[in-house]
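Q: There's a structure below that I have some questions on.
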Amino acid sequence: MPAASRETAPPKMSTKLEDVRVKGRTVQVSASVRIADLEGAPERLGIRGHHRHSGAVEDFSVAASELSPDGPSFLVSAEHSSLDRGVWDLFTVVAFGEFEKELRLGAERARSVEPEGISNLADDPMPQDRLIAYFTEGPGNLSIDRGGLLLRNTARARSVGLTVDENRRAMMLVQTAGVPKESDEYFCYLEGIPQHGGRQLLPTVQLGDRLLGLRLPLTAEMIGATVTVSAALNKVRTPLQFVGTEFWPARAAGFGLAEGEDGSVVVVKPGTRTRERSAAKPFTPRRVKQRSTPRARAAAAAKSLPVVGPALTRAVRTVRGGARERADLDLLVAMEVPPPVEFRR
């Protein structure tokens, strides 16, 4: 058989989800591809979405790719900011010339990818702008729900402040859109301190019908750690941004909290100057209310009088100029104006 007419079966390929993020209306996806017994590298990699109902196809814009033949796998990062409303199933695309292979993405994923996926619900978007990246039942593949079609009754939560509990431990205050459920979960993520790093389930304290306290495992020994918190409500993950760090009682807690990136905080030493504190408004002392005196009351009454004619103008100026208390009262009597207040010694 001539060599030109020979057909070679495509090599065995597998893909792995390395990261998925949702920022506003933009979905960012990173994936890796392994190709067994391949000499060389594919010509290109991509991320593609298939609309589950209409059949429409959307290619994500590739932001970066690594196609070095020396590595154990190939990498691609891509994003899309204008997906139509509906459910989109995501694929990794491997291309050799005109040949393309689509690999369903998400069943295999990096340990850093949360099983609850990610969403933009913390931004409280309009219903049509809700983006929920989730993993399907069974295979656990990655899909994007634009507009909240499958998960219309999505629960929401947001951080409203920070405080300390009875043991001077950090507590995040969280307000929920509905009554909290037993299935709701909250997680803390610690980075920068290996002995305490990773994902931790947070204990909750019911403070009100829709108000929770999340006990954060932070201590003075965690200086330098970066902390993020997420809520997993109805199997949808929502990041919770830290708010109120400028009011954090660092001395009482034994450590400070400084604003980090993407709503996180960094544990710092007490007294460390943070951006929030430096940007806070300076303290303005309240004006001390002066003790009211008969003279002050008379002067105020004179100031409120309408000025009609030269004689009355001079009289009012006399009172405003600081005449004695008795002269003030006599002047008011001479003008036959009853004082608006009762003078008592």
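The values are calculated or read from the model by the stated rules, or taken from the named source; none is laboratory data. Worth saying up front: this structure is predicted, and the values here are computed from it rather than measured. Quick note on the areas: whole protein, heavy atoms, side chains included, nothing else; ligands and nucleic acids left out. Shrake-Rupley method; radii C 1.70, N 1.55, O 1.52, S 1.80 Å.
Q: Quick one: which residues, 5 or more positions from ALA107 or on another chain, have an amide H under 5 Å from its amide H? H modelled 1.01 Å from N in the peptide plane, none for Pro or chain starts.
A: For ALA107, whose amide H was placed from the backbone, the distant partners under 5 Å are LEU142.
Q: Filter LYS23/LYS269; LYS23/LYS235; LYS181/LYS235 down to the pairs with a C-alpha to C-alpha distance above 22 Å, please.
A: LYS23/LYS269
Q: Something else about it: Provide GLU182, GLU18, GLU108 ordered by accessible surface of protein heavy atoms (probe 1.4 Å), highest first.
A: Numbers: GLU182 190, GLU18 55, GLU108 95 Å².
Result of the area sort, largest leading: GLU182, GLU108, GLU18.
Q: Need the C-alpha centroid separation for the range 72-106 versus the range 174-189, integer Å.
A: Taking the Cα centre of the range 174-189 as reference, the centre of the range 72-106 is 33 Å away.
Q: Quantify, in whole percent, the carbon and sulfur part of the accessible surface of the range 19-96 (1.4 Å probe; protein heavy atoms only).
A: Using a 1.4 Å probe with all protein chains present, the range 19-96 comes out at 42 percent carbon and sulfur.
Q: Find the relative contact order for the range 67-115 and round it to a whole percent, using C-alpha pairs within less than 8 Å whose residues are 6+ positions apart.
A: 20 percent
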